[in-house]
Each structure stands twice: as structure tokens, then as C-alpha cells.
Amino acid sequence: MQYRKLGNTDLSVSRLSYGASPLGSVFRNISEEEGIRTVHTAVDMGVNLIDVSPYYGQTVAETVLGKALKSIPRDKYILSTKAGRYGADFQDFDFSAKRIRSSLEESLGRLGVDGVDILFLHDIEFANLKQIFDESLPCLQALKDEGKVKHIGVTGYPIKIFDKTIENFDIDCILTYCRYALYDTSLEPLLPKLQDKGVGVINASPTGMGLLTQRGAPPWHPGKPELLDAAKKAVELCNKANVDITELALQFAIDHDTIASTLVGTANPVNIQKNIEWAEKPLNVELAQEVRALFNNIDVTWPSGHPENQD
Ligand code: NAD
């Protein structure tokens, strides 16, 4: 496994990292025992960054992850969780300082740890950004000053929210998703600015939340029909070339120097092992170009959050 520095932090994160949302049965009903084995396999094979949120499976993912972490020494992993998002609808968000503090305490209890390495505000495009800058991020900064969290950041889908955040506040890192993958590379223009400011980049969802897998997108996937159709064609193209599309998708996403780590989610120990082994192999550049061409001239994005926060 290769490791990269996360922005200006002292963290050295594995190039491929583990996203725990599937532990909340977000994609399919999972076996808890298999989920726990998946976490152990990831850490045994050198993955040292694990990401979760109280939102995933309405606290289930944090609870299952907590069980998995019990037998792993604390210095073997870097742990991030989030605050602010607790459900799918606007009323399920609460970015108040009071809720952020109680949320962190509840997460620590479920995870069975004394502290987290990174606390993110979860999907800030669903918030009024004035509240994020005036109340939520100052609360994260205070938690950092008090030593309760080591590093702070924000997550979300539109690119614009990251640009606005780094213009207004000093954060350590961002977690972006579905914006640097085979079908959409729209994160790229912002990367030099993030690098200049020393803001670390964690990129999530290299398969586009299941789009670029044999099973395909889950029923709740927000992509437009033209994107889902193109993804099916991409799977067929890779099948003809005898390449697992998930292998290509992972190798493409991790192949960018400015991205410190790429988070992939699975609750299957065999799949995490495959993912880590694939990450060590070179990208088939020609096939990647052919797959990328399938997504030319179609709308690969979807709306997320308040209209004024969208790109
Ligand atoms: P992903 O692209 O990692 O895809 C996950 C899907 O791919 C699951 O259905 C999984 O079963 C499947 N998969 C993984 N490896 C496979 C393999 N080898 N073969 C076949 N299928 C495979 O998307 P994700 O899980 O949404 O993202 C990864 C993580 O990033 C999340 O778990 C979460 O921690 C984080 N994330 C954060 C945000 C946010 O903060 N807003 C958003 C998205 C993701």
C-alpha cells in the first residue's frame, strides 16, 4: 500500500481507504460478521483511513464499525466521522453548534473511541452557508482547540461549496464524492487551489456509488437515466475486454497525485481484498479512454442541496 500526506496535516493516509457506509446496509442488507471481517481485512492489508457518519444506516454503520474497531489497536487507523446530516430530507440536517457537539459525543460512544482524527460537516450544500461559516465551522475549530478532534473539514457534492469554504475558513481537508471518477472529472479545476492552500483532498465513490460495478447503481441513485444507461454500456464494454469495470474505476480514481486518498465502500471481505490488490496494478489507459468517451455529451451530474449551493 502506498501512503500520501493529507494536505498540510501530519496525517499520512493510504492511497486507497475504507468508506464504511455499506456497514449501514445502504446498498444491500449486509451480514454484520462479514462487514466486520471486511474492516479487519482492509486494515490488515494496509488501509489506514476509515470514514463513517451517523447518517449511514441511521447510526448502524457507526455501531457496526465500533464492533470491528474493538480488536484493532487505535494507532493502526485514522478515523473520520461527520456531523450535521442525519437523514435524506432537508429537515434531517442540523448544523447548529449544540447538535454538532452532541453528535460527536454520540459518535464516539458508538465507535468506542476517545476521539476522531477528522470531523467533517456532512453535505453542507443542504445548509445555509452563512450558518456554516458563522456557527458550524467555528464550532469545529473550537473542538479542535479543545483537543476533541484533530482535524476539521467539510463534505458535499457540488464543487462550488468547497471553493466558497476555503475562501472563508481555514480547514484541513475536504471530502468530495462522485466528482473524480471515470464518468466525471469535474473536481479537477479546483485541485490546484486546494493544493496551494494546503487543503487535503479525500475523494469518495470511485465507482460513482455503484454505477461502475457489475451489480450497477442502487435504486436510490440520483443519476439521470442517460447516465445510468451509459454506465451499463461501460460495464458491457469492460466485460468484452475481460476487465472488471470496478478495477478500472478504482485505478482511474487513485491515479491523481493531488488526491491524497480514495474512499471505496464495501461490506464484502473478498471485494475489499480485490480492491486493494487492484490498486497496486497500473491503469489500462486505452480502455479507460474508451469508457470515458461513453460519458461525453451527457449530463453526468444531479442536483443536491439548496439551489444557490449548486454548481
Ligand atoms: P463507491 O463508489 O465506493 O461504491 C460502493 C459500491 O461499490 C457498493 O455497492 C459496493 O458493494 C460496490 N463495490 C465495492 N467494491 C467492489 C468490488 N470489488 N466489486 C464489486 N462491487 C464493489 O461508493 P460509496 O460507498 O458511496 O463511497 C465510498 C465511501 O465514501 C462511503 O462509504 C463513505 O464513507 C464516503 N462517502 C462520503 C460522502 C459524503 O461525505 N457526502 C458521499 C459518498 C461517499
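Would a scan of region 276-293 turn up a residue that is of a type in the set (S, T, N, Q) and at pLDDT below 95?
Initial filter on region 276-293 (of a type in the set (S, T, N, Q)): 284, 289.
Now restrict to residues that are at pLDDT below 95: none.
Checking region 276-293: not a single residue is of a type in the set (S, T, N, Q) and at pLDDT below 95.
Selection of region 287-308 for residues being in contact with a helix residue (DSSP H, G or I) (Cβ under 6 Å, 6 or more places away or on another chain) and not hydrophobic (A, V, I, L, M, F, W, C) yields Ser304, Gly305. Look through region 86-101, keep the residues that are in contact with a strand residue (DSSP E or B) (Cβ under 9 Å, 6 or more places away or on another chain) and assigned to a helix (DSSP H, G or I), and return whichever of them is most open to solvent (accessible area, probe 1.4 Å). The selected residue is Arg101.
Scan Leu65, Leu121, Leu111, Leu69 and give me the residue that is within 15 Å of Leu49 (Cα to Cα) and within 12 Å of the ligand (Cβ to nearest atom). Full working, then the answer.
Values: Leu121 fails: within 15 Å of Leu49 (Cα to Cα); Leu111 fails: within 12 Å of the ligand (Cβ to nearest atom); Leu69 fails: within 12 Å of the ligand (Cβ to nearest atom).
Only one candidate qualifies: Leu65.
Checked against (1) free of Cβ contacts under 8 Å to residues at least 60 places away in the same chain; (2) crowded, with 23+ Cβ neighbours inside 10 Å, Leu175 passes all but condition (1).
If I ask for residues that are part of a loop (DSSP other than H, G, I, E, B) and within 11 Å of the ligand (Cβ to nearest atom), which ones from region 148-157 would you list?
In the first step, residues of region 148-157 are kept if they are part of a loop (DSSP other than H, G, I, E, B); the result is 148, 157.
Residue satisfying the conditions is Tyr157 alone.
Scan region 12-29 residue by residue and report those that are over 14 Å from Val60 (Cα atoms) and open to solvent by 20 Å² or more (accessible area, probe 1.4 Å). Listed by number, the residues that qualify are Ser12, Arg15.
Just to be sure I understand, how many residues within region 115-147 are in contact (Cβ under 8 Å) with a residue 12 or more places away in the chain, of a type outside the set (Gly, Ala, Ser) and not in a helix (DSSP H, G or I)? Total meeting the criteria: 9. Candidates are the residues of region 292-311 that are among the aliphatic types (A, V, I, L, M) and either free of Cβ contacts under 8 Å to residues at least 24 places away in the same chain or in contact with an Asp or Glu (Cβ under 9 Å, 6 or more places away or on another chain) (or both); the one that is surrounded by the most Cβ atoms within 10 Å (Cβ to Cβ) is Val300. Of the strands (runs of 3 or more DSSP E) lying entirely inside region 1-68, the ones with 1 or more residues being in contact (Cβ under 8 Å) with a residue 60 or more places away in the chain and in contact with an Asp or Glu (Cβ under 7 Å, 6 or more places away or on another chain) are found at 16-19.
Which residue is most open to solvent (accessible area, probe 1.4 Å), if the candidates are limited to region 30-58 and must be at positive phi and at pLDDT below 95?
Residues of region 30-58 that are at positive phi, as a first pass: 46, 57-58.
Then drop every residue that is not at pLDDT below 95, which leaves 57-58.
Values: Gly57: 21, Gln58: 108 Å².
Among those residues, the one meeting the criterion is Gln58.
The values are calculated or read from the model by the stated rules, or taken from the named source; none is laboratory data. What you see is a predicted model, and the numbers here were worked out from it, not measured in a lab. So basically every Cβ, Gly included, is an ideal-geometry build from the backbone, and we count neighbours across all protein chains shown. Heavy atoms of the whole protein, side chains included, go into the accessibility calculation; ligands, DNA and RNA do not. Shrake-Rupley method; radii C 1.70, N 1.55, O 1.52, S 1.80 Å.
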